[in-house]
Amino acid sequence: MLGVLLILVAVVGTLATRAYANIETLFVASLLAGSLLGRWWTILVPLTALLILQPLEWGVAAGRYALDAMAGITFFVVSGYLFVGILGRRIRPKVLLRVKSVALLTTISVPLTIAYDLWTASGEWYFLARPFGTSFATMLEAQVPFTIYHLLSSLMFVPLFGSIFILAYHHAVHVPAREETPERERTSDPSGSDGA
């Protein structure tokens, strides 16, 4: 249930903020998928969201770019979000065992956002800007405002959705265990025998 909700947060949130450059919820959904759910959700959440979002993204501008450029940039975007999810998976024990999990996720989101933007800017430069003679330094300079917006996005959405999903995760994990305890007490004999 939480995995499906993370996919919805990634898709709906990103579409809702589409008019604002680099304000999106896919980053936080990928990070939370790895750090809370782990296992195959680490890959499934970003990939499913991108399977929905990327065709919509390219649908607007597909005529302006060659297929190899679109495929190349898509590789950088997909691998970037998978890296965010996998790194979230690496810090999972710290998130699940600490009270200050939201602070940890928010702190780690800053260097992760910068690394993600550098990675995808490299792909954009190689496939789109380089053929037109744009230098990598110029590309990085142009990327600065977009990275600032992306950092603001992470600093808004990681604490917001991090708090909600960490609370939901702990509620989902601990409530069933509490509900089973009284049932066991009613059906078991205090003396330890199974007699009626």
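Looking at the stretch 87-103, is at least one residue over 21 Å from residue 160 (Cβ atoms), hydrophobic (A, V, I, L, M, F, W, C) and exposed (fewer than 13 other Cβ atoms within 10 Å of the Cβ)? Yes, the stretch 87-103 contains at least one residue that is over 21 Å from residue 160 (Cβ atoms), hydrophobic (A, V, I, L, M, F, W, C) and exposed (fewer than 13 other Cβ atoms within 10 Å of the Cβ).
Residues of the stretch 1-43 that are aliphatic (A, V, I, L, M), assigned to a helix (DSSP H, G or I) and farther than 18 Å from residue 166 by Cα: 11, 12, 15, 16, 43. Of all residues in the stretch 44-69, those that are in a helix (DSSP H, G or I) have Cβ atoms under 8 Å from Cβ atoms of residues that are at pLDDT below 85, 6 or more apart or on another chain, in 58/65; 58/70; 62/70. Pairing each residue of the stretch 1-24 that is buried (at least 16 other Cβ atoms within 10 Å of the Cβ) with any residue that is part of a helix (DSSP H, G or I) and of a type in the set (Val, Ile, Thr), provided the two are 6+ apart or on different chains, yields C-beta distances under 7 Å for 3/45; 6/45; 7/45; 7/48; 10/45; 11/52; 24/14. Quick one: would you say residue 147 is of a type in the set (S, T, N, Q), buried (at least 17 other Cβ atoms within 10 Å of the Cβ), assigned to a helix (DSSP H, G or I) and at pLDDT below 95? When the stated conditions are applied, residue 147 does not pass them.
Of all residues in the stretch 98-121, those satisfying the criterion of being without any contact (Cβ under 8 Å) to a residue 12 or more places away in the chain and among the charged types (D, E, K, R) are 98, 100. Scanning the stretch 104-144 for residues that are in a loop (DSSP other than H, G, I, E, B) and of a type in the set (Ser, Thr, Tyr), we see that the one that is surrounded by the fewest Cβ atoms within 10 Å (Cβ to Cβ) is 135.
Within the stretch 162-169, not a single residue is surrounded by fewer than 18 Cβ atoms within 10 Å (Cβ to Cβ), in contact (Cβ under 8 Å) with a residue 24 or more places away in the chain, polar (S, T, N, Q) and more than 25 Å from residue 3 (Cα to Cα). The residues of the stretch 1-52 that are at pLDDT below 90 and over 15 Å from residue 89 (Cα atoms), listed by number, are 1, 2, 18, 19, 20, 21, 22. Within the stretch 101-141, the residues that satisfy the criterion of being polar (S, T, N, Q), under 26 Å from the mean Cα position of the chain (by Cα) and farther than 16 Å from residue 87 by Cα are 120, 122. Among the polar types (S, T, N, Q) and free of Cβ contacts under 8 Å to residues at least 60 places away in the same chain: does that describe residue 147? Judged against the criteria, residue 147 is not a match. Out of 153, 163, one residue alone is assigned to a helix (DSSP H, G or I), at pLDDT below 95, among the hydroxyl-bearing types (Ser, Thr, Tyr) and under 28 Å from residue 82 (Cβ atoms). It is 163.
The values are calculated or read from the model by the stated rules, or taken from the named source; none is laboratory data. The model shown is predicted, which means the values in this text are computed figures rather than measured ones. Please note: Cβ atoms are built from the backbone with ideal geometry, for glycine as well, and neighbour counts cover all protein chains shown.
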